[in-house]
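The values are calculated or read from the model by the stated rules, or taken from the named source; none is laboratory data. Here the structure is a predicted model, which means the values were calculated and not measured. Here the Cβ is made from the backbone with ideal geometry for all residues, glycine too, and neighbour counts use every protein chain on show. Accessible surface is based on the protein model in full, side chains and every heavy atom, while ligands, DNA and RNA are left aside. Shrake-Rupley method; radii C 1.70, N 1.55, O 1.52, S 1.80 Å.
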Amino acid sequence: MQFALYYYESCPFCQRVLKPLRLHQWPVALHDIMLCPADREDLIHGSGCSTVPCLKITDNQEKEIWMHESIDILALLQRHFNLSEPK
């Protein structure tokens, strides 16, 4: 399974996900939609909207699932990597 996070730095909801992601060095590709217009277009094409944060999950059969909502994204990553939220 592969993960890619679409975000932008000044978004507080994105920071909710980015902080533990960076702290634990989870293997998640980062796509800042403000720095790369192609990433923003990928986000819109794949998820149907430009809302961030958005986690693109690609399974072993190359099926893509796009997940919005910072709390849901963080919970999924914590379960996947068997970690709890830092205090």
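Which of the cysteines in the chain are isolated, no other cysteine C-beta under 4.7 Å?
C36, C49, C54
Using only Cα atoms, what is the ratio of the radius of gyration of the range 2-66 to 2.2 N^0.38 Å?
My calculation over the Cα atoms of the range 2-66 gives 1.07.
Just to be sure I understand the model, the point goes 7 Å from the Cα along the line to the Cβ. What's the resulting A29 to D59 distance in nm?
Calculated label separation equals 1.9 nm.
Give, in nm to one decimal, the length gained when the segment between L76 and R16 is fully stretched (0.36 nm per residue of separation minus the Cα-Cα distance).
Between L76 and R16, full extension yields an extra 20.3 nm.
Using unit Cβ charges (K, R positive; D, E negative) and no other charged atoms, how large, in debye to the nearest 20, is the dipole of the range 1-78 about its Cα centre?
With Lys and Arg at +1 and Asp and Glu at -1, about 260 debye.
If each DSSP helix of 4+ residues adds -39,500 (n - 2.57) and the sum is divided by the residues in the chain, what number results at 222 nm, nearest 500 deg cm²/dmol?
-12500 deg cm²/dmol
Before I look further, what does the chain give for accessible area per residue, probe 1.4 Å, in whole square angstrom?
63 Å²
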